[in-house]
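Each reported figure results from applying straightforward, stated rules to the coordinates on display, with no laboratory input. Bear in mind the structure is a predicted one, so any value in this text is a computation, not a measurement. Methodologically, a virtual Cβ is constructed for each residue, glycine included, from the backbone with ideal geometry; neighbour enumeration extends over all protein chains shown.
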Amino acid sequence: MLLLANIFDWFGDIPDWVRIAAFAGLLLYEPVCTTLGGTIGNRMKGIRVRKESDTKTRISFIHALIRYAVKIILGWVSFITIHSNRKKQAIHDQAAGSVMIKNG
């Protein structure tokens, strides 16, 4: 977000609606991409987010939003819990009922 704000400053007078749209796009990037198949990083690493109850099914947008919100709120704390359960789920995955799977 800071990088985008700095880029906008280079161009001078950017309309507020452009700034709002860019901010919303940054906030929705992960939930939308997770719902549609994966973020760029997920695809590069060959992993996908799927429903815990059916690992062949993508999570819904609502579940992706919950997952992302918990991830943002807890930050790295959510990740350090990955090895504390048998499914290797972070807290944000537990909250959303999701699991990370290797693609392939």
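Applying both filters, DSSP loop and at most 11 other Cβ atoms within 10 Å, to the trypsin sites (Lys or Arg not before Pro) of the range 64-104 gives 86, 87.
With the helix formula -39500 (n - 2.57) applied to DSSP H stretches of n ≥ 4, the chain reaches a computed 222 nm mean residue ellipticity of -17000 deg cm²/dmol.
Which helices pass in the chain if a helix is a full DSSP H run, must span at least 15 angstrom along its long axis by Cα, and must have mean Kyte-Doolittle hydropathy not below 0.5?
Details: long enough: 16-36 (28 Å, 1.03); 61-74 (20 Å, 1.66).
Going by DSSP H runs, the hits are 16-36, 61-74.
Based on the Cβ-Cβ distance of residue 47 and residue 27, what FRET efficiency does E = 1/(1 + (r/R0)^6) give at R0 = 22 Å, to the nearest 0.05?
Values: r = 22 Å, r/R0 = 1.00.
The formula returns an efficiency of 0.50 here.
Computing FRET efficiency as 1/(1 + (r/R0)^6) for residue 1 and residue 36, where r is the C-beta to C-beta distance and R0 is 25 Å, gives about 0.70.
Convex hull over the Cα atoms of the range 57-104, averaged projected area in nm²?
So the Cα hull casts an average projection of 3.6 nm².
Backbone geometry of the range 90-95 corresponds, through the Karplus equation with coefficients 6.51, -1.76 and 1.60 at θ = phi - 60°, to 3J(HN,Hα) couplings of 6, 4, 5, 6, 4, 5 Hz, x marking Gly and Pro. For residue 45, a cut-off of 16 angstrom between C-alpha atoms picks up these lysines, skipping any fewer than 8 places away in its own chain: 102.
How far, in nm, would the chain grow between residue 54 and residue 19 when pulled straight, counting 0.36 nm per residue and subtracting the alpha carbon separation? Numbers along the way, then the final one.
Values: separation 35, 0.36 × 35 = 12.60 nm, distance 3.84 nm.
Residue separation times 0.36 nm, minus the Cα-Cα distance, leaves 8.8 nm.
Annotation for residue 11 and residue 85: the two label points, set 7 Å from Cα along the Cα-Cβ direction, are 4.2 nm apart.
Its residue count N fixes a reference of 2.2 N^0.38 Å for the chain, and the Cα radius of gyration divided by that reference is 1.25. For the range 40-67, the residues whose backbone nitrogen is under 14 Å from a point 7 Å from the Cα of residue 103, taken along Cα to Cβ, are 40-50, 58.
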